[in-house]
Amino acid sequence: MKRSIAIGCDPNAMALKDALVRYLESRDYSVDDYGSDDPIYANTALNVSTAIVSGKHSRAILLCGTGLGMCLAANKVPGAYAVTCSDEYSVERSILSNNANILTMGAKVVSIEKAIRLVDIWLNAEYEPGGPSQPKVDMIYEIEKKFTVH
């Protein structure tokens, strides 16, 4: 059974996105590409975050020049937990300590080879429900509920 992942980028990160799509497909992932043509990265971030929150995907990757804008936009959608990572330790902890569901990276910050290593670590890490990080993750959820307008 193929695992499914969403991916999207802005025009600054098309080459990185294309390389990651090829890599993920070679690792037996079904990749849903949410585009790269829109220079307003918030539109792509919204589409990917909505797919995550709806349950269509359990994880996603968003790419732009730095990863920061995609992260900010994605995190505006309740239930989307995006992190920007450019090192191995942070990317692993984003899952193990924070249960992130969207990884953002910058095409001007990480090379294709480094991005592939980071994606491997991120996809192989599994959050442990009820584990030592649960109180921290629960607090993140509580903050989100407090400030989400219903």
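The values are calculated or read from the model by the stated rules, or taken from the named source; none is laboratory data. All of these numbers come straight from a predicted model, not from anything done at the bench. A quick note on method: Cβ atoms are made from the backbone with ideal geometry, for glycine too, and the neighbour counts reach across all protein chains shown.
In the stretch 113-139, the residues that are assigned to a helix (DSSP H, G or I) form Cβ pairs under 8 Å with partners that are of a type in the set (Asp, Glu) and modelled with pLDDT of 95 or more, at six or more places apart or across chains, as follows: 117/88; 118/87; 118/88; 121/88; 121/92; 122/92. Go through the stretch 115-150 and give me each residue that's acidic (Asp, Glu) and under 27 Å from residue 9 (Cβ atoms). Once the filter is applied, which keeps residues that are acidic (Asp, Glu) and under 27 Å from residue 9 (Cβ atoms), the stretch 115-150 yields 120, 126, 144. Entry remark, the stretch 6-30: residues being surrounded by fewer than 22 Cβ atoms within 10 Å (Cβ to Cβ) and not charged (D, E, K, R) number 11 in total.
Considered as a group, the residues in the stretch 82-93 that are of a type outside the set (A, V, I, L, M) and surrounded by 21 or more Cβ atoms within 10 Å (Cβ to Cβ) include one that is nearest to residue 52 (Cα to Cα), and that residue is 84. Counting only helices (runs of 4 or more DSSP H) that sit wholly inside the stretch 10-107, those with at least 2 residues that are over 13 Å from the mean Cα position of the chain (by Cα) and more than 20 Å from residue 140 (Cβ to Cβ) are 14-26, 41-53.
The set of residues from the stretch 65-80 being within 24 Å of residue 3 (Cβ to Cβ), touching a helix residue (DSSP H, G or I) at 6+ places or on another chain (Cβ under 6 Å) and surrounded by 23 or more Cβ atoms within 10 Å (Cβ to Cβ) comprises 70, 74, 80.
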